[in-house]
């Protein structure tokens, strides 16, 4: 009986070792693919997008930014305020006029101004 238990323990240990090794190889195989260098594929938490509702106060095409009077952004503990935002693409500013109500998504990167990545007038 002891030899049966010992044999079972060895088989179980072998199986667990094989599974661990397979998992490590799979992880290593994926490691060289640093997708954070691909546009829009950063795995950095700073790339999280946040929703924004507001009203256009000013549009500055030359500096690729828009000033918005926006509602509170609860995820960031921001109160409602008026502030400028960079836009990721100058085309987002096309047709935008002061007074328009908008919905947008923006990112916040440490050390940079918040950047709007999508914008739709309502």
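The values are calculated or read from the model by the stated rules, or taken from the named source; none is laboratory data. Quick caveat: nothing in here was measured; it's all calculated off a predicted structure. Cβ: placed from backbone, ideal geometry, glycine included. Neighbour counts: every protein chain shown.
Laid out as a table, the results:
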{"item": "Residues of the stretch 74-86 satisfying the condition of being over 12 Å from residue 64 (Cβ atoms) and assigned to a strand (DSSP E or B)", "result": "78, 81, 82, 83"}
{"item": "Filter pass, residue 58 being modelled with pLDDT of 95 or more, under 15 Å from the mean Cα position of the chain (by Cα) and part of a strand (DSSP E or B)", "result": "no"}
{"item": "Meets criteria (surrounded by 11 or more Cβ atoms within 10 Å (Cβ to Cβ), touching a helix residue (DSSP H, G or I) at 6+ places or on another chain (Cβ under 7 Å) and modelled with pLDDT of 95 or more) for residue 64", "result": "yes"}
{"item": "Hits in the stretch 87-119 (condition: assigned to a strand (DSSP E or B) and farther than 13 Å from residue 68 by Cα)", "result": "107, 117, 118"}
{"item": "Every residue from the stretch 101-113 that is surrounded by 15 or more Cβ atoms within 10 Å (Cβ to Cβ) and either modelled with pLDDT under 95 or over 15 Å from residue 51 (Cα atoms) (or both)", "result": "108"}
{"item": "Every residue from the stretch 26-55 that is at pLDDT 50 or above and over 20 Å from residue 107 (Cβ atoms)", "result": "55"}
